[in-house]
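The values are calculated or read from the model by the stated rules, or taken from the named source; none is laboratory data. Quick caveat: nothing in here was measured; it's all calculated off a predicted structure. In this analysis, Cβ positions are derived from the backbone assuming ideal geometry, glycine residues included, and neighbour counts consider all displayed protein chains. Just the protein is used for accessible areas: all its heavy atoms, side chains included, with ligands, DNA and RNA removed. Shrake-Rupley method; radii C 1.70, N 1.55, O 1.52, S 1.80 Å.
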Amino acid sequence: MRTALLQSSGRPGSVVENLKVLDEAAGRAAAAGAGLVAAPEMFLTGYAIGDDIGRLAEPADGDWADAVAEIATRHGVAVVYGYPEREGETVYNSAQLISADGTRLANYRKTHLFGCFERDHFTPGEQPVVQADLNGLRIGLMICYDVEFPENVRAHALAGTDLLVVPTAQMHPFQFVAESVVPVRAFENQMYVAYVNRVGPEGEFEFVGLSTLAGPDGIARTRAGRGEELVLADADPDFLAASREANPYLKDRRPGLYGSLV
């Protein structure tokens with residue numbers, strides 16, 4: 001499945017403008033044959049928007065989800081996007097997958113919050129593995145800091161995730177995560193990992209871009225630079241099956257030795 005990564009910070013604070021950016025990117029992705037377009041963490045609202053996070057937060061089935069579903073169906077491409085999710089008085093840092101026919105397939109709440117900013121504005125999610133089947137692949141969702149915990153990604157591998165989509169807001173000086181950690185996660189867990197970042201200055205943060213889709217051989221199929229960009233690469237189920245057959249990591253595990261990890 002051809003996968004498009006929308007590396008952009010959009011227009012922080014303006015959901016309307018960010019939906020326009022997503023719409024334009026979805027059109028370009030579909031024209032290039034993509035079956036999925038992924039946008040960064042908190043894409044619909046912006047990340048460093050302070051108390052506006054709570055003001056703009058919406059339920060997973062709210063008006064924004066309807067707007068994204070309309071974009072997906074009009075262009076015939078599935079969409080993953082980050083947004084602040086409200087459930088009652090609780091706000092989560094979430095990512096949602098909507099299919100090309102507008103169906104809400106999966107919604108994930110970030111389980112590992114990074115730094116005081118996130119802990120001040122969000123409640124951590126409690127479900128580590130969220131998946132849905134799309135175009136012959138099992139898609140898993142995760143957000144930014146979550147992928148830096150190897151246990152998290154291994155849980156997805158054991159649950160059969162083929163393509164792990166990770167909307168992110170990776171900031172300076174942690175660019176080594178995109179450059180090194182993400183390809184290693186893909187290799188050691190025998191999956192594709194799509195890591196799609198924000199870019200440029202926003203509030204107190206400087207987002208580093210470098211969005212990538214890494215394969216189960218640990219090689220990046222595509223890598224963006226430091227500016228706004230739409231990059232595409234293929235997640236090939238045949239190559240994935242052959243790689244899993246050749247690589248013994250998951251077969252050679254000895255879970256009985258790992259009890260001390262928990």
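Structure data summary
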{"quantity": "Residue within region 31-47 that is open to solvent by 20 Å² or more (accessible area, probe 1.4 Å), touching a Gly at 6+ places or on another chain (Cβ under 8 Å) and at pLDDT 95 or above present", "calculated": "no"}
{"quantity": "Enumeration of residues in region 187-203 that are in contact with a Pro (Cβ under 7 Å, 6 or more places away or on another chain), farther than 19 Å from Tyr145 by Cβ and surrounded by fewer than 21 Cβ atoms within 10 Å (Cβ to Cβ)", "calculated": "Phe187"}
{"quantity": "Tabulated pairs, region 183-201, first closer than 16 Å to Gln131 by Cβ, second open to solvent by less than 10 Å² (accessible area, probe 1.4 Å) and in a loop (DSSP other than H, G, I, E, B), C-beta under 7 angstrom, 6+ apart or interchain", "calculated": "Gln190/Pro216; Met191/Thr161; Met191/Pro216; Tyr192/Gly215; Tyr192/Pro216; Tyr192/Ala235"}
{"quantity": "Residue in region 57-75 that is surrounded by fewer than 20 Cβ atoms within 10 Å (Cβ to Cβ), in contact (Cβ under 8 Å) with a residue 12 or more places away in the chain and in contact with a Pro (Cβ under 7 Å, 6 or more places away or on another chain) present", "calculated": "no"}
{"quantity": "Positions within region 204-230 being open to solvent by less than 60 Å² (accessible area, probe 1.4 Å), farther than 16 Å from Gln175 by Cβ and not charged (D, E, K, R), in sequence order", "calculated": "Leu213, Gly215, Pro216, Gly218, Thr222, Leu230"}
{"quantity": "Selection status of Glu118, among the acidic types (Asp, Glu), out of contact with any His (no Cβ under 7 Å at 6 or more places or on another chain) and closer than 27 Å to Ala67 by Cβ", "calculated": "yes"}
{"quantity": "Test: residue in region 156-179 that is touching an Asp or Glu at 6+ places or on another chain (Cβ under 9 Å), among the aliphatic types (A, V, I, L, M), farther than 21 Å from Leu250 by Cβ and not in a loop (DSSP other than H, G, I, E, B)", "calculated": "yes"}
{"quantity": "Lone unmet requirement of (1) assigned to a loop (DSSP other than H, G, I, E, B); (2) crowded, with 24+ Cβ neighbours inside 10 Å for Tyr81", "calculated": "(1)"}
{"quantity": "Of all residues making up region 103-143, the number that are open to solvent by 10 Å² or more (accessible area, probe 1.4 Å) and either among the aromatic types (Phe, Trp, Tyr) or more than 15 Å from Leu163 (Cα to Cα) (or both)", "calculated": "20"}
